[in-house]
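The values are calculated or read from the model by the stated rules, or taken from the named source; none is laboratory data. Because the structure is predicted, anything quoted here is derived from the model rather than measured. As a convention, Cβ positions derive from the backbone with ideal geometry for all residues, glycine included, and neighbour counts pool all protein chains shown. These accessible areas exclude ligands, DNA and RNA; they are computed on the full protein's heavy atoms, side chains included. Shrake-Rupley method; radii C 1.70, N 1.55, O 1.52, S 1.80 Å.
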Amino acid sequence: MERVFILAASSLREQWRDRAWQVAMLFAGVMLYFSVLLGILAADQELRALLDFGLSFIELMALAAAIFGAATGVLREMETKSIYLILSRPVSRLEYLLGRYLGLVLSMLAAVSLMAGAHLILLLLRGWSFRADYLLALYGIALKVAVAAAVATFFALFSTSALSALVITGILWTLGHFIAEMRFLAARGGLSLLPLAALIQLVPHLQLFNFRDRLDIPASAAAGEPVLLATAYAALYCTCCLALAYALIRRKDF
Amino acid sequence: MGVASALSYDGVSKDYLYSHLGRTTVTRGVAELNLQVAAGEAVGLLGLNGSGKTTTMKLALGLLAPTRGAVLVFGSPAGGRETRRRMGYLPELPYFQPYLTPSETLRLFGRLSGLGAAELGGRIAESLERVGLSAQADRRMTGFSKGMLQRVGMAQCLLHDPQLLLLDEPVSGLDPLAIAEFRDLLVRLREAGVALLIASHSISELERVCDRAAILAEGRVARVAAQSEWSASPGRLEDIFVETVRPTARAA
């Protein structure tokens with residue numbers, strides 16, 4: 001396990017020193033500041049607009065970066081042959097895969113924390129009263145990031161093309177927000193929509209992670225079960241994706 | 001040589017399978033490869049482009065699995081964790097994360113090799129010193145020349161004191177002074193008992209460093225020449241190489 005953490009720490013450091021990443025973080029800061037303007041334009045719904053826009057933007061940025069990082073990361077290391085230098089050390093392919101995945105997820109979590117910090121400062125400056133549900137919303141984003149990165153990692157190795165991994169993960173991410181609607185359609189369509197019913201089982205159920213909806217409820221009375229269920233679901237989904245990715249990389253000729 | 005060999009290929013073949021639109025094409029990487037490298041011996045791998053030099057090295061590292069035959073490193077099947085701990089590898093034109101410094105890069109590889117924090121500092125300084133990069137130890141590698149990256153590659157290769165070195169085009173991109181320094185370094189390593197397998201197009205360099213040279217043609221060892229065959233007349237290894245590969249090159 002030690003090598004997994006060594007690789008994860010190295011990925012984290014590489015990511016944060018990457019110029020493109022630094023520019024993306026700067027862009028995120030500017031966009032979050034821009035949300036203050038949107039809030040003002042929303043007049044009596046200022047805080048709501050600021051809260052919703054900010055959280056959506058944080059989620060979108062983190063997911064885009066996670067999917068891009070996972071879809072291109074391992075493939076870039078294969079292309080530049082830097083993976084040879086790692087795998088020629090006493091590092092197993094499983095350790096490599098987990099290390100790179102964990103590093104990416106940690107990078108994204110650090111980015112989410114940074115963006116959320118800036119967002120919170122803006123919210124508090126505009127008179128918002130802090131609620132613990134905000135942290136839960138961030139937790140939901142973190143779970144989505146972990147699932148999206150695992151899906152992209154698998155498809156990058158499966159298709160060996162970053163573009164197709166990006167496209168497929170993007171499609172799954174979109175579909176994952178419409179599971180309820182897809183279930184409704186499948187239930188009404190009977191046998192003719194059997195493939196859709198099968199697809200529903202495979203698409204990640206991302207609606208489970210939308211904890212930020214709780215911020216719309218005045219006082220959160222929701223129980224803890226959905227959080228536990230979502231956490232267990234994310235862990236299982238990520239494990240399956242990474243197990244499949246490992247099956248691909250285990251016997252791969254480099 | 002069996003267990004006594006640092007590295008041994010025993011009837012090794014590697015076929016690459018490519019599938020496209022339902023058709024599978026088989027390309028031969030190496031065929032019936034038999035070769036041994038003993039401790040303290042330097043063996044050169046010579047061959048035209050696509051003759052199987054890099055495949056031969058990747059088989060020893062476990063990056064490729066042989067289709068037939070066995071590759072043994074210090075008597076154990078290639079690719080195992082313990083065998084890799086005793087090996088150093090320099091790929092052709094190594095790539096490193098440009099936002100890291102040579103010291104940080106070596107720290108990563110050292111830790112992956114199982115070196116402890118206490119000994120790592122000294123090892124990093126020593127490795128960078130050996131390849132002449134001490135002055136650039138803490139400079140980010142953005143803008144490093146090909147030769148400087150090659151030096152970092154060599155430093156990571158030597159960091160954990162390996163007993164078997166696999167070097168793919170080690171003098172590529174180096175200036176003449178660096179080539180001479182690298183050559184001296186390789187000779188010292190060989191004299192210290194390290195086994196070396198060096199793939200290179202630079203025949204004159206192999207001539208000066210190697211005890212034997214295996215000439216690959218179309219994935220097969222077409223000839224193994226001993227140092228005694230070329231040591232008497234400089235440039236003789238090139239003649240041997242041309243004589244060996246010309247018939248197959250013409251046939252192709």
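Reported to the nearest whole Å, the Cα centre-to-centre distance from segment B:128-197 to segment A:1-75 is 39. Computed across segment B:1-146, the Kirkwood hydrodynamic radius from all distinct Cα-Cα pairs reaches 17.7 Å. Mind checking which aspartates and glutamates have their Cα closer than 14 Å to the Cα of residue B:146? Skip sequence neighbours fewer than 8 apart in that chain. Reachable aspartates and glutamates: B:92, B:169, B:175. Compute the long axis of helix A:133-159 from its Cα atoms, compare it with the longest principal axis of the Cα atoms of chain A, and write down the angle in degrees, 0 to 90, nearest 10. Once rounded, one gets 30 degrees. Take each residue in B:93-102, count the other chain C-beta atoms within 10 Å of its C-beta, and the mean is 5. Calculated from the alpha-carbon coordinates, segment A:63-103 shows an Rg and a Dmax of 10.7, 33 Å respectively. Here the simple spin-label model places points 7 Å from the Cα toward Cβ, and for residue A:210 and residue A:229 these points are separated by 1.5 nm. Taken over the C-alpha atoms, the protein assembly as shown has Rg and Dmax values of 27.6, 94 angstrom. The translational diffusion coefficient of segment A:106-254, from Stokes-Einstein at 25 °C and 0.890 mPa s with a Kirkwood hydrodynamic radius over alpha carbon pairs, comes to 141 µm²/s.
Its DSSP H runs of at least 4 residues, each contributing -39,500 (n - 2.57), put the calculated 222 nm mean residue ellipticity of the protein assembly as shown at -19000 deg cm²/dmol, to the nearest 500.
Computed from the alpha carbon atoms alone, the convex hull of segment A:1-153 holds 106 Å³ per residue. Residues of segment A:40-89 that become at least 10 Å² less accessible with every protein chain present than in their own chain isolated, using 1.4 Å: which are they? So the qualifying set is A:76, A:80, A:81, A:82, A:84, A:85, A:86, A:87, A:88, A:89. Using a simple spin-label model with pseudo-atoms 7 Å out from Cα toward Cβ, residue A:244 and residue A:130 lie 4.0 nm apart.
Report, to the nearest whole %, how much of the accessible area of chain B belongs to carbon and sulfur atoms, 1.4 Å probe, protein only. Whole-percent figure for carbon plus sulfur exposure: 50. Rolling a 1.4 Å probe over the protein heavy atoms leaves residue B:126 with an accessible area of roughly 90 Å².
The residues of chain A expose on average 47 square angstrom of accessible surface per residue, using a 1.4 Å probe on protein heavy atoms. For segment A:2-250, the relative contact order comes to 25 percent (Cα pairs under 8 Å, sequence separation of at least 6). Pairs of C-alpha atoms in segment B:1-46 farther apart than 15 Å represent 59 percent of all such pairs. Its alpha carbons give segment B:96-161 an Rg and a Dmax of 10.6, 31 Å.
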